[in-house]
1. For n ≥ 4 DSSP H runs only, could you compute -39500 (n - 2.57) per run for the chain, divide by its residues and tell me the 222 nm figure to the nearest 500?
2. How are the C-alpha pair distances of region 209-295 spread across 10 Å bins, as whole percents from the shortest bin up?
3. I need the peptides 191-202, 140-151 ranked by packing, meaning the mean over residues of other C-beta atoms within 10 angstrom, with the highest value on top.
4. Add +1 for every Lys or Arg and -1 for every Asp or Glu among the other residues with Cβ under 13 Å from the Cβ of LEU19, and state the total.
5. Calculate the length of the line joining the C-alpha centroid of region 22-42 to that of region 123-172, in whole Å.
6. If we count every other residue with Cβ under 14 angstrom of GLU274's Cβ, Lys/Arg +1 and Asp/Glu -1, where does the sum land?
7. In the P(r) worked out for region 1-125, what percent of Cα pairs fall beyond 20 Å?
8. I need the peptides 227-237, 108-118, 6-16 ranked by packing, meaning the mean over residues of other C-beta atoms within 10 angstrom, with the highest value on top.
Amino acid sequence: MPSRTFDVVQVDVFTKRPLEGNQLAIFPDARGLSDSEMQKLARETNLSETTFVFPRDADIEKREGLKVRIFTVNEELPFAGHPTLGTAWYLHQQAPRDEIVLDLKVGKVPVRFELRDDDLFGEMQQVDPVFGPTHSRAEVANVLGVPASELDDTLPIQTVSTGMFFTIVSFRSLATLQSLAVSWRQMAPYLQPIGTNSFFYLVCRETISKDATLHARMIFYNGEDPATGSAAGCCAAWAVRNGVLAPGMQGLIEQGLETRRPSYLYICADKQGEGITNVRVGGFVVKIVDGKVTM
């Protein structure tokens, strides 16, 4: 079989500075790749996610959005935050417009763009949140290996989904959250019954940056994630529902400091009656690699 060559780019998401934020590989034209080949390429990049863009007829893209598939090193995902923002940002560089709509497994996700201080800022609107069960503080503390008194008893521990399940856990002390040493093996048995692709999102209202609303960490099977856009949307919904963030006000999550890849995720959500809607997560992106893959 003759060799084939595919363009690939790499970007850092939720940062203005190269070599910070969360890494993403993008294949801008994945036509001709099989599911098996995409999974192998995702393992080859060895990043938390790799995206594959499938260009279609302009009329179809105008009606349905730009088709994108997201893979981790282990599996395909219906949705993930930093791959959505990073891929839309790259596509905007090729054909600038105010809004790019991605056609993902979870459905259509619009990403809007504007200039902020001469840098391009993108903001995705995630699907409306689904609030799941609340959890016992004592049980979660036991899973995480901390005293229950280290978890904030003024806020619920609750599972939320905007496409993936995240259980939001609020810590009292930044020092405790930063020093936390917990493995995926410890957490997985508790989380897996909640649903496929279920994780903890660990937050604290005490922050390092004076501009931040929350400090966050997310530890999963691939290590620690520098920035988790899907979790940030769930966290935005949780924060507005519980009075941590006012409806319609933009907050800021700082993440990735423990992995030496500082990331900054801008969050916002609206409240209508008892419902939370219009969940948005935004940030900046920088491109660091242009290349080709031959296979």
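What follows draws every value from the coordinates through simple rules; no lab data is involved. Since this is a predicted model, take the numbers as computed values, not measurements. Reconstructed Cβ throughout: ideal geometry from the backbone, glycine too, with neighbour counts over all protein chains shown.
1. Details: 7 runs with 67 residues, N = 295.
After summing the helix terms and dividing by the residues of the chain, the value is -6500 deg cm²/dmol.
2. Reading the bins upward from 0: 17, 42, 27, 11, 4, 0.
3. On the way: 191-202: 17.8, 140-151: 16.2.
Highest-to-lowest ranking by the protection proxy: 191-202, 140-151.
4. Within the 13 Å Cβ shell, the charges total +3.
5. Cα centroid to Cα centroid, the span is 32 Å.
6. Net of charged neighbours comes to 0.
7. Of all Cα-Cα pairs in region 1-125, 41 percent lie more than 20 Å apart.
8. Packing order, densest peptide first, comes out as 227-237, 6-16, 108-118.
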